[in-house]
Amino acid sequence: MPVSEKTPLLKNNVDSKSDPKEKKEGVCSSFGKCMRSIQVEPVMLCFGFGFGIDNVFLTNLFVDKVCDIQLNYSSEVCTNLDSGEYPDQENEVQKLVSLYGMYKHFVVFLPMIFVVLLLSGWSESHGLKTPLIITNAGLLVKCIFLMACSHWWFLSPEYVLWSLLPVGMTGGFSAIFMCVYSFIGLTVDEKSRTTRMSIIAVIELVAAAVGGVLGDFIFQKYGYFGVFAAPAMSYLICVIYIMICLDNPIPKQQTNEVKASKSFVSGMKNTLTVAFKKRADGGRAKIICHVAVLAIFLGTLGTMNFYVLYTREMFDWRYEDYSYWSAFNVPFALIGSLVILPFLSSVLKMEDSLLSLIGCISVMFNFTLQATAPRGWVMYLASAIGVFGSMVESSTRSALSKSVGSEEVAAVFAVVSLAEALVPLLENPIYTGIYYYTVDFFPGTVFAIAAVLACIGACIDTWVYTRYPEKEIRSLSPDANT
């Protein structure tokens, strides 16, 4: 068309204006895309909510049953055990409960080691959906057994202990983390992966905090039976959601004839060797170091089993005080994971190993304050100092997922899950023994040890960051990992 003075300069002016209908469709499309990207987040929401309730009240159930049934103390002593009026009885109860905590880890984590290997082999060839269903079903059965132990109060603490066996026989939280983070590694691009994994961790943390707060109200009205019925409903909803709504991603190289010939044995073998496979540019060393940092970080999390006992011993906290402090941790975790980490990762382009280093230093100071806290308010100060601690797990898992191709993501996270199962078997007897023998003169010893572990993790991250700086985001092609 020839151009003349009558030809409009803004030829498509009318058309260039956004059509309200098209704009509306664009917004709806973006919203729909956002909603479709939500897959494993509800799984972590249900798991975190259930964990937040039953984890704390499981310890309280052991305390009450040991006091009332095993030691046969009077109802007056058991009711006022944390009042400071019966220090000898309280120390005796705490020692026995700490021993049950050690036995609990053997019941749960010993079978979990083998189950995680089996589920990893299955997921490599059949996808992640079935392992998630199995693990959540095991958590559901555990809650049903705990409801029975609560209803028939005469049942001894040993029955409570064996109620946890279904968790170990179905993979427990190690299998859930393996599947969830493998799912993210298979479905999310590398640029967004660190932030997405951080969001997953925050969802679990917030859900656990909400569960802990709601658990107190449920307990006051319905007792132990109601407080274990709530997570049972959460796990049941999770199973239904996985069966109906969740996709079933399979590694690209497992979608052809290789999938048909894949066996459990070959899958398990691949899982055990993936971390020690020779790789270019120090890939093997980086994977081993990242797994070591995660294992060390998990070693510090073993102190969670002693927070209830520690705060009762040091500050005479009741469950309400503990739940308030737990809820206080949430805003700092949110700031660290949803504000600081995305800013450092996406805006400042910091490497994952540097993010993990900052997190380890924060964790070290956090545990140092907790170990030496003379008053309860110092626990709150420690939470503020540990604002960067939530970055360790997310950044390290992200670094691991970027170190391998899509066909090895499930395998490398299975190695991490094995560490999650093995570390408690080693750490808990050590922590339990230390707490048992130091509760009378320095109950914070376990937290001091955790601070030392965090320092070791910081040293490893420093070595990785200075020795193997990350390159540009690389392709996930199979050839990139040879």
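Rundown of residues vs (1) surrounded by fewer than 24 Cβ atoms within 10 Å (Cβ to Cβ); (2) out of contact with any His (no Cβ under 6 Å at 6 or more places or on another chain); (3) touching a residue at least 60 places away in the same chain (Cβ under 8 Å), yes/no style:
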{"site": "Phe49", "(1), (2), (3)": "no, yes, yes"}
{"site": "Tyr86", "(1), (2), (3)": "yes, yes, no"}
{"site": "Gln89", "(1), (2), (3)": "yes, yes, no"}
{"site": "Glu92", "(1), (2), (3)": "yes, yes, no"}
{"site": "Lys95", "(1), (2), (3)": "yes, yes, yes"}
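Please verify whether Pro42 is out of contact with any Lys or Arg (no Cβ under 9 Å at 6 or more places or on another chain), at pLDDT 85 or above and over 24 Å from Asn305 (Cβ atoms), treating the condition exactly as stated. Yes: the conditions hold for Pro42. The residues of the range 377-402 that are surrounded by fewer than 23 Cβ atoms within 10 Å (Cβ to Cβ) and hydroxyl-bearing (Ser, Thr, Tyr), listed by number, are Tyr380, Ser383. Looking only at the range 331-347, decide whether some residue is without any contact (Cβ under 8 Å) to a residue 60 or more places away in the chain, under 22 Å from Tyr468 (Cα atoms) and surrounded by 18 or more Cβ atoms within 10 Å (Cβ to Cβ). Yes - at least one qualifying residue is present in the range 331-347. Considering the range 252-352, the qualifying helices (runs of 4 or more DSSP H), each wholly inside and each with 1 or more residues that are under 30 Å from Asn80 (Cβ atoms) and modelled with pLDDT under 80, run over 319-334. May I ask you to verify whether Met364 is assigned to a helix (DSSP H, G or I) and touching a Cys at 6+ places or on another chain (Cβ under 7 Å)? It is true that Met364 is assigned to a helix (DSSP H, G or I) and touching a Cys at 6+ places or on another chain (Cβ under 7 Å). Only a single criterion out of (1) farther than 15 Å from Ser182 by Cβ; (2) in a helix (DSSP H, G or I) is not satisfied by Phe413, namely (1). For the range 366-379, the set of residues classified as farther than 11 Å from Phe315 by Cβ and touching a Phe, Trp or Tyr at 6+ places or on another chain (Cβ under 6 Å) consists of Phe367, Gln370, Ala371, listed by residue number.
In this structure, Val416 does not qualify as under 24 Å from Tyr103 (Cα atoms), in contact with an Asp or Glu (Cβ under 8 Å, 6 or more places away or on another chain) and among the aliphatic types (A, V, I, L, M). The number of residues in the range 69-78 being assigned to a helix (DSSP H, G or I) and in contact (Cβ under 8 Å) with a residue 24 or more places away in the chain comes to 2. Entry remark, the range 274-303: residues being touching a residue at least 12 places away in the same chain (Cβ under 8 Å) and in contact with a Phe, Trp or Tyr (Cβ under 8 Å, 6 or more places away or on another chain) number 9 in total. Of everything in the range 181-195 that is without any contact (Cβ under 8 Å) to a residue 40 or more places away in the chain and not polar (S, T, N, Q), the residue that is farthest from Ile38 (Cα to Cα) is Asp189.
Scanning the range 452-482 for residues that are at pLDDT 50 or above, under 26 Å from Ser406 (Cα atoms) and surrounded by 14 or more Cβ atoms within 10 Å (Cβ to Cβ) gives Ile460, Asp461, Val464, Tyr465, Tyr468, Glu470. If only one of Ala373, Ala384 is assigned to a helix (DSSP H, G or I), in contact (Cβ under 8 Å) with a residue 40 or more places away in the chain and farther than 18 Å from Ser198 by Cα, which one is it? After applying the criteria, what remains is Ala384.
Looking only at the range 300-310, decide whether some residue is within 19 Å of the chain's Cα centre (by Cα), closer than 19 Å to Gly52 by Cβ, surrounded by fewer than 23 Cβ atoms within 10 Å (Cβ to Cβ) and among the aromatic types (Phe, Trp, Tyr). Within the range 300-310, one or more residues are within 19 Å of the chain's Cα centre (by Cα), closer than 19 Å to Gly52 by Cβ, surrounded by fewer than 23 Cβ atoms within 10 Å (Cβ to Cβ) and among the aromatic types (Phe, Trp, Tyr). The numbered conditions (1) at pLDDT 85 or above; (2) surrounded by 24 or more Cβ atoms within 10 Å (Cβ to Cβ) are all true for Ala414 except (1). Checked across the range 228-235, the condition of being part of a helix (DSSP H, G or I), in contact with a Leu (Cβ under 7 Å, 6 or more places away or on another chain) and at pLDDT below 90 holds for no residue.
The values are calculated or read from the model by the stated rules, or taken from the named source; none is laboratory data. Only a predicted model underlies this, so the values are computations on that prediction, with no experimental measurement involved. All Cβ positions, glycine included, derive from the backbone under ideal geometry; neighbour counts span all protein chains shown.
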